[in-house]
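Taken together, the values in this text are just the output of simple stated rules run on the coordinates, not laboratory data. Computed from a predicted structure; not experimentally measured. Glycine gets a Cβ as well: all are built from the backbone with ideal geometry, and neighbour counts include every protein chain shown.
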Amino acid sequence: MVTGPLDKDPSQLEKKSSFKVNLINSQDKYRLPRTRIKNILEKVLRELDIEKEVSFCFVDNPTMREFNKRFCKKDLPTDVLSFEYQDPYYLGDVMISVDMAKDNFRRYKTSFFEELILYAVHGVLHLCGYDDSTPSKRRKMQRTQRRLIKKCLS
């Protein structure tokens, strides 16, 4: 198990059997629609029947590169990293590169907001055990992502 960047003291976690979404904006380049993002991510967690706390940390590329190098041994920024916890009340942390979303949304003909949501959903699916290491697993994960995003953005 990898210890994540947003380590929680278990005694500080509220012990309850429902989910909670934490949003942490650690970058200051772009303004984020926090309430809208939180509402969508709460829908995603409900759709996946997740009854644990999840933190989403929005960072810049230099920060993402640092974590990718430290935890994945890759010296470059990436779009999303997930850190799963073995805790009955806390699922894990999802780090999202806001710079990467800003750079990619036009390339993929989407919006900045939708790109952020895509990264968040992708990270949550990794926390739920989805894997994209093979073509067939990647296709399955992408189908689930598309279904969740379509349902939760409507």
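By DSSP, the beta bridges lying fully in the chain are antiparallel in about 30 percent of cases. For a straight C-alpha distance cut-off of 19 angstrom, the aspartates and glutamates reachable from Lys29 (same-chain residues fewer than eight places away being disregarded) are Asp60, Glu66, Asp79, Asp99, Asp103, Glu114, Glu115.
Backbone geometry of segment 89-105 corresponds, through the Karplus equation with coefficients 6.51, -1.76 and 1.60 at θ = phi - 60°, to 3J(HN,Hα) couplings of 10, 10, 6, x, 10, 10, 9, 10, 7, 5, 4, 5, 4, 5, 6, 9, 4 Hz, x marking Gly and Pro. Structural descriptor for segment 38-84: relative contact order 23 percent, calculated from alpha carbon pairs under 8 angstrom and at least 6 residues apart.
Using only side-chain charges placed at the Cβ, +1 for Lys and Arg and -1 for Asp and Glu, the dipole size of segment 18-153 relative to its Cα centre rounds to 660 debye.
Put simply, the C-alpha atoms of the chain give a gyration tensor, and the ellipsoid matching it has half-axes of 21, 19, 17 Å, longest first. Relative contact order for segment 18-153: 22 percent, from Cα pairs under 8 Å spaced at least 6 residues apart, divided by residue count.
Taking amide H positions as modeled 1.01 Å from N, with prolines and chain starts lacking one, the residues under 5 Å from Phe56 and 5 or more places away or on another chain are Asn22, Leu23, Ile24, Val94.
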